[in-house]
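K.L.:
Okay, handing you the structure first.
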Amino acid sequence: ATELAGGHAENALPQSASATVNCRMLPGTPWEEVQRTLVRVVDDTAVKVTVVTAATPSPLAALQPDVMSAIEQVTTRLWHIPVIPVMETGATDGLYLRNAGIPVYGVSGVFVDINDIRAHGRDERIGVQDYYDGAEYIYQLVRVVSSAPR
């Protein structure tokens, strides 16, 4: 995501301009490397590339068999589809828990129309039935996980 800012009126030349670039980085990629890449790509010494917030990277959470089993069980029961683990494209508060040594998994039972994705955009929304289906999925998953023997 990128945010551009500059000027005070549409009919006046701006005194300055800025761009905030939210970089989605792969695990293990240092922010310094991303900053160097941006400087190289911009290739203009008049443009300053600074880091607004450098989060402390967190380790990946290993997929635990009991957690995956619960996810697969509920997913199969409700939708009869395979479970394919993917890496979240955004950031979550799980960063802080993983850095404290607590494994964190993101699980969503909300499906959206691939041609109508509005996450973080204008008119962000999901369908009412999609919301209820997702809530039921999470409810069923919590029931399975909370009743599993430890």
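The values are calculated or read from the model by the stated rules, or taken from the named source; none is laboratory data. If you're wondering where the values come from, they're calculated on a predicted model, not measured in any experiment. Every residue, glycine among them, receives a Cβ derived from its backbone with ideal geometry; neighbour counts consider all protein chains shown.
K.L.:
Taking Pro65 as the residue in question, decide whether it is closer than 30 Å to Gly101 by Cβ and either touching a Lys or Arg at 6+ places or on another chain (Cβ under 6 Å) or in contact (Cβ under 8 Å) with a residue 24 or more places away in the chain (or both). Give the steps one after another, and end with the answer.
P.N.:
Numbers: closer than 30 Å to Gly101 by Cβ: yes; either touching a Lys or Arg at 6+ places or on another chain (Cβ under 6 Å) or in contact (Cβ under 8 Å) with a residue 24 or more places away in the chain (or both): no.
Against the criterion (closer than 30 Å to Gly101 by Cβ and either touching a Lys or Arg at 6+ places or on another chain (Cβ under 6 Å) or in contact (Cβ under 8 Å) with a residue 24 or more places away in the chain (or both)), Pro65 does not qualify.
K.L.:
Also: Exactly one condition in (1) within 29 Å of Arg143 (Cβ to Cβ); (2) surrounded by 13 or more Cβ atoms within 10 Å (Cβ to Cβ); (3) hydroxyl-bearing (Ser, Thr, Tyr) is false for Thr37; which is it?
P.N.:
(1)
K.L.:
Does Glu33 satisfy being under 30 Å from Ser18 (Cα atoms) and assigned to a helix (DSSP H, G or I)?
P.N.:
Working: under 30 Å from Ser18 (Cα atoms): yes; assigned to a helix (DSSP H, G or I): yes.
For Glu33, the condition - under 30 Å from Ser18 (Cα atoms) and assigned to a helix (DSSP H, G or I) - is met.
K.L.:
Take the range 51-62 and flag every residue that is touching a residue at least 12 places away in the same chain (Cβ under 8 Å) and either loosely packed, with under 10 Cβ neighbours inside 10 Å or acidic (Asp, Glu) (or both).
P.N.:
Within the range 51-62, the subset touching a residue at least 12 places away in the same chain (Cβ under 8 Å) is 51-52, 54-62.
Those that are touching a residue at least 12 places away in the same chain (Cβ under 8 Å) and either loosely packed, with under 10 Cβ neighbours inside 10 Å or acidic (Asp, Glu) (or both): Val52, Thr56, Ala62.
K.L.:
A further question on this structure: Would you check which residues across the range 22-48 are closer than 17 Å to Ser58 by Cα and small (Gly, Ala, Ser) and list them?
P.N.:
The one that is closer than 17 Å to Ser58 by Cα and small (Gly, Ala, Ser): Gly28.
K.L.:
Please tell me if Ala9 is assigned to a strand (DSSP E or B) and modelled with pLDDT under 95. Step through it out loud before you land on a result.
P.N.:
Values: assigned to a strand (DSSP E or B): no; modelled with pLDDT under 95: yes.
In short, no.
K.L.:
Next question. Give me the pairs, please: first residue somewhere in the range 76-89 and within 30 Å of Cys23 (Cβ to Cβ), second residue anywhere and among the charged types (D, E, K, R), beta-carbon distance under 7 Å, and either six or more positions apart or on two chains.
P.N.:
Filtered contacts from the range 76-89: Val83/Glu72; Thr89/Arg24.
K.L.:
Which of the residues that make up the range 120-131 are under 24 Å from Leu78 (Cα atoms) and within 18 Å of the chain's Cα centre (by Cα)? Before you say what the answer is, go through the steps one by one.
P.N.:
So the first thing to find is which residues in the range 120-131 are under 24 Å from Leu78 (Cα atoms), and the list is 125-131.
Those that are under 24 Å from Leu78 (Cα atoms) and within 18 Å of the chain's Cα centre (by Cα): Arg125, Ile126.
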